[in-house]
1. Between helix 23-57 and the chain, what is the angle of the helix's C-alpha long axis to the longest principal axis, kept within 0 to 90° and rounded to the nearest 10?
2. Quick check: net charge around I42, other residues with Cβ under 13 Å of its Cβ, Lys/Arg +1 and Asp/Glu -1?
3. Normalized C-alpha radius of gyration of the chain, against 2.2 N^0.38 Å?
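Please treat every number below as a calculation from the coordinates, not as lab data. Predicted model, so just to flag it, every value in this text is computed and none were measured. In this analysis, Cβ positions are derived from the backbone assuming ideal geometry, glycine residues included, and neighbour counts consider all displayed protein chains.
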Amino acid sequence: MGEWTDKTKGKVKETVGVATGDRELEAEGKADTLKGKVKEGIEDAKRAIKDKVDDLKGNKREDPDAI
């Protein structure tokens with residue numbers, strides 16, 4: 001869930017920064033958005049690895065989004 005929060009917070013900061021001409025706030029927003037995307041990628045990779053390990057063990061999960 002942290003990735004969603006970071007991406008949302010980043011978009012808000014970026015938008016406010018653009019609207020107010022605050023380039024530092026805009027840059028912070030872009031950094032927060034990127035941080036959220038990185039977290040999301042890590043979570044996706046963890047899920048894919050766990051699924052592969054489960055497949056190799058023969059333990060298939062019913063819900064692929066449940067961890």
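1. The helix 23-57 is inclined about 0 degrees to the chain.
2. Numbers: positive: K35, K37, K39, K46, R47, K50; negative: E3, D6, E40, E43, D44.
Here the charged neighbours net out to +1.
3. Values: Rg = 17.1 Å, N = 67, 2.2 N^0.38 = 10.9 Å.
This ratio for the chain stands at 1.57.
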